[in-house]
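Asker: One structure follows; several queries about it will come next.
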Amino acid sequence: METAPNWEIVIGLEAHVQLDTRSKIFSGAATRYGAAPNSQACGVDIALPGVLPVLNRKAVECAIRFGLAVDARIAPVSVFARKNYFYPDLPKGYQISQYEAPVVVGGTVAIVVAEAEKSIRLVRAHLEEDAGKSVHEDLDALLPDRGSHALSGIDLNRAGTPLLEIVSEPDLASAAEAVAYAKALHSLVRWIGICDGNMQEGSFRVDANVSVRRAGTTTLGTRCEIKNLNSFRFLERAIRCEAARQIAIIEEGGHIVQETRLFDPGQDETRAMRSKEDAHDYRYFPDPDLLPLTIADDWIAAVARALPELPHAMQGRFQSDYGLSAYDAKVLTSSPDIARYFESTVAACGEPAASFAKPCANWIMGELSARLNRADSEAGEGFEVFPIRPAQLSRLVQRIQDGTLSSKLAKMVFDALWSGEADDVDLLIEQRGLRQVQGSDALAPLVDQVIAANAKSVAEYRAGKDKALNALVGQVMKATQGKADPQQVGALLRQRLEGD
Amino acid sequence: MPTDANASTTKRLERRDVTHVARLARLALSDAEADKALDELNAIFEMIAVMAAVDTSDVLPMSHAIEMSARLRDDVVTEPDQRDAHMALAPATAAGLYLVPRIIE
Amino acid sequence: MHGLTLHELGRALAERQISSMELTQRLLADIGRAAEPLNAFITVDPERALAAARAADQRRAMGDAAPLLGIPIAHKDIFCARGWRTTCGSRMLEGFVSPYDAGVVESCERAGLVLIGKTNMDEFAMGSSNETSFFGPVHNPWDPARVPGGSSGGSAAAVAARLVPAATGTDTGGSIRQPAALSGITGLKPTYGLVSRFGMIAFASSLDQAGPMATSAEDCALLLDAMAGFDPRDSTAIEYLPDGAANASGEQWRRYQRALAELAAVDRPLADVRIGLPEQYFGPGLSDDVRAAVDAAIDQLGRLGARTKSVSLPNSALSVPAYYVLAPAEASSNLSRFDGVRYGHRAAEYADLMEMYCRSRAEGFGAEVRRRILIGTYVLSHGYYDAYYVKAQKIRRLIADDFARAFRDVDVVLGPTAPSVAFPLAAKSADPVQMYLNDIFTIPANLAGLPALSLPCGFGEGGLPVGLQCVGPVFSEARLLAIAHRYQACTDWHRRMPPRPWM
């Protein structure tokens, strides 16, 4: 069930994107993931008395890149503010973030749901620092004798990691749209090289603002914010169960309390977060330690020049240059890796590119993607570590196009390449004799033999039972050990049987 | 954005304002302390209240003593691991972690 | 050696009349004797001080001739110094030993100065009398029953009593100038951004500025040359001065010493100086003895060639209200890091995280700090931000604009530093508003980010020192020091010393 029929869901997402910098946003400590606890938390990160923040240029550049990629306005002046609240993973007692004057304003992200394109508007994107992490469960193992059930451990390695918080308008109308948007954003930030996209490591996390309203009404319902969804699956499930929860409350005559909630995947439910009780009063004010961030036009222009071709533009080019369908072009531009793989494969095929593009696309979107999905579930990674190189796939496609390989043989070659049994397509064809039996000279005697030996099927075919031909094709294929093109065999058979 | 329309709405604090603010600021306050703080704060805000009478409708707020833009640093790792020195300052640590009473999310 | 200045000590060391070790030992002994009667220091570390003195003597033996090499000074206990207990006058940091050096501590060390101790101060620099220190009040050397001023009261008293030739201070609303005035020494709050704030424990970040405190303008110039300088770790630090010169520190530079030297070569050095006298600084709040001393000083400057002129700073009266919104607001946020998690005081008993926070902070902070945190939290909280915080930011601009207008007609603005001479201990500590109003003349320069200097200009009631304040446009430190130096060349108020019964 997507929604109860007479209800509408309204969703806005806040994505927290960890920017791919070497050092933190306000300090010179490293941002590498997985270091020993607190070994990458310098004096600024642990908020020693007297320390001060200095802004990382690269983090700002990442924000500009993103703004350009979503066609937003880059604010010439933006301001860092302090968001004040107490939490052990927040060493200063405030988070440095942008509030009234963010660096990126507006912009849109296109998504495709049920083959229809929809444009999702962005409110803003702003720079801020990440908080540290609390460790609860592992502590029990670390401190078995210290009553550790009553303690939490704090690791501040992540504190100060640069984040770009990307806030959408409440333009999303279903969990599916929310996931499509989150995936599009995830793909985009990797595409423009500002985030590694690793969701397991928390590089890309999403908060969902969810409200419901009766179908046909226009006023927004009271919303709840579900925090820290670090997988697309959890995002989808969290929205579904939060919407169901809200609908049930309203249908029973209750009303929704605006609050921050946490998704519990084990219980498949959301629950209110106690730690966000002060959420209504963050006492934002401009950070006196940081002067306004000004971004000159020539900086923006320089960043724009260094920006890679964006997926939307590339999609259009794939359609016009390669004659691909909009759908194929969209899929092939879903990540920089797959796009690069596709273009390398087509280029290796030779001219005219357009004649090779479609078969290359089919192989990449079909066999290749299926295997990648099996190998790697979510992040869509893998094209760079994929066992078949573009040069190999292009040779495979060439051998199909020139008739050397039937589709069945091609599949065999593909399997051999994937498993690593073979490296060179042509060598494999030679060694295993995988050359397709083709041409009427080679096939005609076999066709004649099969016609002679299968009188029953021949009679049925002549009586108008078209399916009888399939049995005859099968016999010829068997005789060639599968090395013929079934379509060519069928045509020859038909020619013989009808010509008599 | 701030407007001057509500800039004149200064009022006396009440006891619950003091306890609310003390909680936001994570300061334990006994009843006696809260009573005393209420009187002191009201005296101070009475002194502050003269601001409300000033017309500042076309004045830009001034956040910094200098009119300058943020200076940016290069994205370079400059800080070595100083965990041991930092941990030595902390009231409670174990296994490289700072310890606090269990956090309930 | 008693009473020697930075300049004189520098010469004595250069001529090998005394070694840094001998000098440091002698001052350590003085500090020890004065510990009880003055309480000017929170931490004295003879071992570290003597090690630094030995190193300075070695540097000199190797041919180093830096002008401040081997001279002992004290840092206000707001500056983090590696290996030194750094308390900021608070129980919260009673046992905090800094793992790093502040920018000012580094540059003083580079100049060869020997850190002899950390001076007492109002807790987190919040106070005008040094009575809010967790480590007890400081006594004014001129009258132990009186306050030395605050928050840099320990530095002021130590310099006034000649326990050290100079000390560092910080000034958020007058914390260098007011104690300088009340203790009879010279102190300069530089232009915001001239001196690094890195490692200086923040009170109100947009107002805080470190500066020198010494017995004369000449010595302030010498110490400022060591302290000033661009620090990339402070985002609000100035890299270049308006004249294009780099904001560099150290003896290669000597911008301020040079300015005084150039002055000495001029016949009538103050002939070009236009002095503005703001009517608002001479109103009914000013006590008669202070007015008399300040008037006499203005006459003296007139005789030296300066022209005086009345100016108006119409929004002056609003500076205290605006300050007591902005400074507590910033402080409430700056002091949130003191939560008992990573360093500092943690309560002994608590049931949960909330209680740990609330008790640790209530126990670690004294009454004045808690009061300002409450004010600051309130003015930033939902529903009051515009009425208080934004309003105060706008008033701040009006005050800055007042000065900008005045500086079209005059070069400096002159007036009293404080409305009265040093007041008795406990006289104002029960009435926060009365205490706050003591900073009425000093706060405007912080709001506007301007340099301002206080120098001794006579004595008032009870034989207590009176301070004259000079405020200039941004980066006019050299001119302020020059005016003060010229005045001190023909007066001896700055050379008068309080009794030292402990000696």
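Asker: Calculate the spin-label point distance for residue C:427 paired with residue B:67, positioning each point 7 Å from the Cα along the beta-carbon direction, and give it in nanometres.
Answerer: Taking the simple label geometry, residue B:67 and residue C:427 are separated by 4.2 nm.
Asker: Ignoring everything except DSSP H segments at least 4 long, calculate the 222 nm mean residue ellipticity for the protein assembly as shown; use -39,500 (n - 2.57) per segment, divide by total residues, nearest 500. Can you show the working numbers first?
Answerer: On the way: 36 runs with 418 residues, N = 1108.
For the protein assembly as shown, the value works out to -11500 deg cm²/dmol.
Asker: For region A:1-45, report the accessible area per residue in Å² (1.4 Å probe, heavy atoms, rounded to an integer). It would help to have the intermediate numbers written out before the result.
Answerer: Details: 1600 Å² over 45 residues.
Ligands and nucleic acids excluded, the result is 36 Å² per residue.
Asker: Could you state how much accessible area is buried at the C-A interface, both sides summed, with a 1.4 Å probe, in Å² to the nearest 100? Let's see the in-between values first.
Answerer: Numbers: alone 18560 and 24570 Å², together 40380 Å².
Heavy-atom accessible area buried at this interface is about 2700 Å².
Asker: Hey, what's the Cα Rg ratio for chain A versus the globular rule of thumb, 2.2 N^0.38 Å?
Answerer: Working: Rg = 29.5 Å, N = 500, 2.2 N^0.38 = 23.3 Å.
Dividing the Cα radius of gyration by 2.2 N^0.38 Å gives 1.26.
Asker: For residue A:310, put the label point 7 Å out on the Cα→Cβ axis and report which residues of region A:57-98 keep their amide N under 20 Å from it.
Answerer: Within reach of a label on residue A:310, which here means backbone N under 20 Å from a point 7 Å along Cα→Cβ, region A:57-98 contributes A:59-77.
Asker: Calculated FRET efficiency, residue C:145 and residue B:52, Cβ-Cβ r, R0 30 Å, to nearest 0.05?
Answerer: Values: r = 40 Å, r/R0 = 1.32.
Here the calculated transfer efficiency is 0.15.
Asker: So how much accessible surface do B and C hide from each other in total, probe 1.4 Å, in square angstrom to the nearest 100?
Answerer: Numbers: alone 10370 and 18560 Å², together 23520 Å².
Accessible area lost upon association: around 5400 Å².
Asker: When the C-alpha atoms of region B:5-52 are aligned to their principal axes, what extent does each axis show, in angstrom, from largest down?
Answerer: Dimensions of region B:5-52 along the principal axes of its Cα atoms: 34, 19, 13 Å.
Asker: Moving on to the next point. Under a 5 Å amide H to amide H cut-off, with H placed in plane at 1.01 Å, what residues pair with residue A:151 once short-range neighbours are removed?
Answerer: B:102
Asker: With unit charges on the beta carbon (Lys/Arg positive, Asp/Glu negative), name the residue among C:43, C:14, C:446 whose Cα is farthest towards the positive pole of the charge dipole of chain C.
Answerer: Most positive-ward Cα: C:14.
Asker: Output the relative contact order of region A:309-432, whole-number percent, from Cα pairs under 8 angstrom with separation of 6+ residues. Show your work: numbers first, answer last.
Answerer: Details: 106 pairs, mean separation 26.1, N = 124.
So the answer I get is 21 percent.
Asker: Next up: Could you give me the ³J(HN,Hα) list for region C:76-82, computed from phi with Karplus coefficients 6.51, -1.76, 1.60 and θ = phi - 60°, whole Hz, x at Gly and Pro?
Answerer: With coefficients 6.51, -1.76 and 1.60, one gets 4, 6, 9, 8, 6, 10, 4 Hz.
Asker: DSSP loop (so not H, G, I, E, B), at most 12 other Cβ within 10 Å: list which GluC sites (Glu not before Pro) in region C:329-424 pass both filters.
Answerer: Details: sites: C:330, C:349, C:355, C:363, C:368; in loops: C:349.
In loop regions of region C:329-424 (DSSP not H, G, I, E or B), the sparsely surrounded GluC sites (Glu not before Pro) are C:349.
Asker: Using a 1.4 angstrom probe on heavy atoms only, work out the carbon and sulfur share of the accessible area of chain A in %.
Answerer: On the way: 10600 of 21300 Å².
Carbon plus sulfur share of accessible area: 50 percent.
Asker: Kindly provide the Kirkwood hydrodynamic radius of region A:440-499 in Å, to one decimal, from all pairs of distinct alpha carbon atoms. Walk me through the numbers before you get to the answer.
Answerer: Working: mean 1/r = 0.0899 Å⁻¹.
Taking the inverse mean of 1/r over all distinct Cα pairs, region A:440-499 comes out at 11.1 Å.
Asker: What are the ³J(HN,Hα) couplings of region C:57-68, residue after residue, when phi is run through the Karplus curve with 6.51, -1.76, 1.60 and θ = phi - 60°? Round to Hz, x for glycine and proline.
Answerer: Per residue, the Karplus-derived 3J(HN,Hα) values read 4, 5, 4, 5, 4, 7, x, 5, 10, 4, x, 9 Hz.
Asker: Let me ask something else about it. Please compute the net charge surrounding residue C:308, taking Lys and Arg as +1 and Asp and Glu as -1 over other residues with Cβ under 10 Å from its Cβ.
Answerer: Net of charged neighbours comes to +2.
Asker: Would you mind working out the accessible area per residue for region A:440-499, using a 1.4 Å probe, and quoting it in Å²? Could the numbers behind the result be given before it?
Answerer: Numbers: 3540 Å² over 60 residues.
Per-residue value: 59 Å².
Asker: Something else about it: What is the magnitude of the charge dipole of the protein assembly as shown about its Cα centre, with +1 placed on the Cβ of each Lys and Arg, -1 on the Cβ of each Asp and Glu, and no other charges, expressed in debye to the nearest 20?
Answerer: Values: 114 positive and 138 negative charges, 108 e Å.
Rounded to the nearest 20 debye, it is 520 debye.
Asker: Can you order the peptides C:193-199, A:364-370, C:481-487, A:78-84 by their average number of other Cβ atoms within 10 Å per residue, highest first?
Answerer: Values: C:193-199: 27.6, A:364-370: 17.0, C:481-487: 25.7, A:78-84: 23.4.
Ranking, from highest mean packing down: C:193-199, C:481-487, A:78-84, A:364-370.
Asker: Taking 25 Å as the cut-off for C-alpha to C-alpha distance, list the pairs among A:92/C:76; A:92/C:428; A:118/A:183 that go past it.
Answerer: Values: A:92/C:76 23 Å; A:92/C:428 33 Å; A:118/A:183 14 Å.
Result: A:92/C:428 exceed 25 Å.
Asker: If amide hydrogens are placed 1.01 Å from N in the peptide plane, which non-local residues have theirs closer than 5 Å to the one on residue C:114?
Answerer: Hits under the 5 Å cutoff: C:70, C:71, C:73.
Asker: Need one number: % antiparallel among DSSP beta bridges in the protein assembly as shown, to the nearest 5.
Answerer: Among the beta bridges of the protein assembly as shown, antiparallel pairing accounts for roughly 85 percent.
Asker: Pairs of Cα atoms under 8 Å, at least six residues apart: use those to get the relative contact order of region C:258-356, whole percent.
Answerer: Values: 61 pairs, mean separation 28.2, N = 99.
That works out to 28 percent.
Asker: Let me know the volume per residue of the alpha-carbon convex hull for chain C, in Å³.
Answerer: On the way: hull volume 68.7 nm³, N = 503.
For chain C, the hull spanned by Cα atoms encloses 137 Å³ per residue.
Asker: Starting from the 7 Å offset along Cα-to-Cβ, what nm value, one decimal, do you get for the label separation of residue C:492 and residue A:71?
Answerer: Modelled inter-label distance: 8.2 nm.
Asker: What average count of beta carbons from other chains do you get within 10 Å of the Cβ of residues in C:312-322? Write down the numbers at each step before the final one.
Answerer: Details: counts 0, 0, 0, 1, 0, 1, 5, 0, 3, 10, 5.
Counting Cβ atoms of other protein chains within 10 Å of each residue's Cβ and averaging gives 2.
Asker: How big is the dipole moment of chain C about its Cα centre under a simple scheme where the beta carbon of each Lys and Arg is +1, that of each Asp and Glu is -1, and everything else is neutral? Debye, nearest 20, please.
Answerer: With Lys and Arg at +1 and Asp and Glu at -1, about 240 debye.
Asker: Partner chain Cβ atoms within 10 Å, averaged over the residues of C:367-376 - can you pull that number for me? Could the numbers behind the result be given before it?
Answerer: On the way: counts 4, 0, 1, 7, 6, 1, 6, 15, 7, 5.
Shielding by partners across C:367-376 averages 5.
Asker: Right, another one. Are there any trypsin sites (Lys or Arg not before Pro) in region C:1-50 that are in a DSSP loop and have at most 16 other Cβ atoms within 10 Å? List them by number.
Answerer: Details: sites: C:11, C:16, C:26, C:33, C:48; in loops: C:16.
Here the trypsin sites (Lys or Arg not before Pro) that fit, given the DSSP loop and packing criteria, are C:16.
Asker: How large is the accessible surface of residue A:355 in square angstrom, using a 1.4 angstrom probe and rounding to the nearest 10?
Answerer: Accessible area, nearest 10 Å²: 50 Å².
Asker: Can you give me the relative contact order of region A:440-499 as a percent, contacts being Cα pairs under 8 Å and 6 or more apart?
Answerer: So the answer I get is 35 percent.
Asker: Assuming R0 = 60 Å, can you tell me the calculated FRET efficiency for the pair residue A:426 and residue C:351, based on Cβ-Cβ distance, to the nearest 0.05? Don't jump to the answer; show the numbers that get you there.
Answerer: Values: r = 76 Å, r/R0 = 1.27.
Taking R0 as 60 Å, the efficiency between residue A:426 and residue C:351 is 0.20.
Asker: What dipole magnitude, in Debye to the nearest 20, does chain A give about its Cα centre under +1 on Lys/Arg Cβ and -1 on Asp/Glu Cβ? Don't skip to the end; give the middle numbers.
Answerer: Numbers: 54 positive and 67 negative charges, 158 e Å.
The calculated dipole for chain A is roughly 760 debye.
Asker: Per residue of C:391-404, what is the mean number of Cβ atoms on other protein chains within 10 angstrom of that residue's Cβ? Display every interim value, and only then the final one.
Answerer: Working: counts 13, 5, 10, 13, 7, 6, 6, 4, 1, 3, 2, 0, 0, 0.
The per-residue average across the peptide is 5.
Asker: Then there is this: For region C:386-396, in order, what is each residue's ³J(HN,Hα) by Karplus, 6.51 cos²θ - 1.76 cosθ + 1.60 with θ = phi - 60°, in whole Hz (x at glycine and Pro)?
Answerer: Each residue's phi maps through the Karplus curve to give 5, 5, 10, 5, 5, 4, 5, 5, 6, 4, 4 Hz.
Asker: Enumerate the amide H contacts of residue B:93 below 5 Å, restricted to partners 5 or more residues apart or on another chain; note that Pro and chain-start residues carry no placed amide H.
Answerer: Sorted by chain and number, the residues that satisfy this are B:99.
Asker: Along the charge dipole of chain C, Cβ charges K/R +1 and D/E -1, which of C:207, C:141, C:154 sits furthest on the positive end?
Answerer: Toward the positive end, the furthest listed residue is C:207.
Asker: Within 10 Å of each candidate Cβ there may be at most 16 other Cβ atoms; applying that plus a DSSP loop requirement, which GluC sites (Glu not before Pro) in region C:1-41 survive? Spell out each step's value before the answer.
Answerer: Working: sites: C:8, C:15, C:22; in loops: C:15.
When the GluC sites (Glu not before Pro) of region C:1-41 are filtered for loop state and at most 16 Cβ neighbours within 10 Å, C:15 remain.
Asker: Would you mind pulling out the separation of the Cα centroids of region A:78-141 and region C:402-481, in Å?
Answerer: Between the Cα centres of region A:78-141 and region C:402-481 lies a distance of 45 Å.
Asker: How far apart, in nm, are two points set 7 Å out from the Cα along the Cα-to-Cβ line at residue C:33 and at residue B:94?
Answerer: 5.4 nm
Asker: Could you list the residues of region C:261-280 with an amide nitrogen less than 11 Å from a label point located 7 Å from the Cα of residue C:409 in the Cα-to-C-beta direction?
Answerer: Once the point is set 7 Å along Cα→Cβ of residue C:409, C:276-279 turn out to lie under 11 Å by backbone N, inside region C:261-280.
The values are calculated or read from the model by the stated rules, or taken from the named source; none is laboratory data. Quantities reported herein were computed from a predicted structural model and do not represent experimental measurements. Every residue, glycine among them, receives a Cβ derived from its backbone with ideal geometry; neighbour counts consider all protein chains shown. Areas reflect the complete protein model, heavy atoms only, side chains present, ligands, DNA and RNA absent. Shrake-Rupley method; radii C 1.70, N 1.55, O 1.52, S 1.80 Å.
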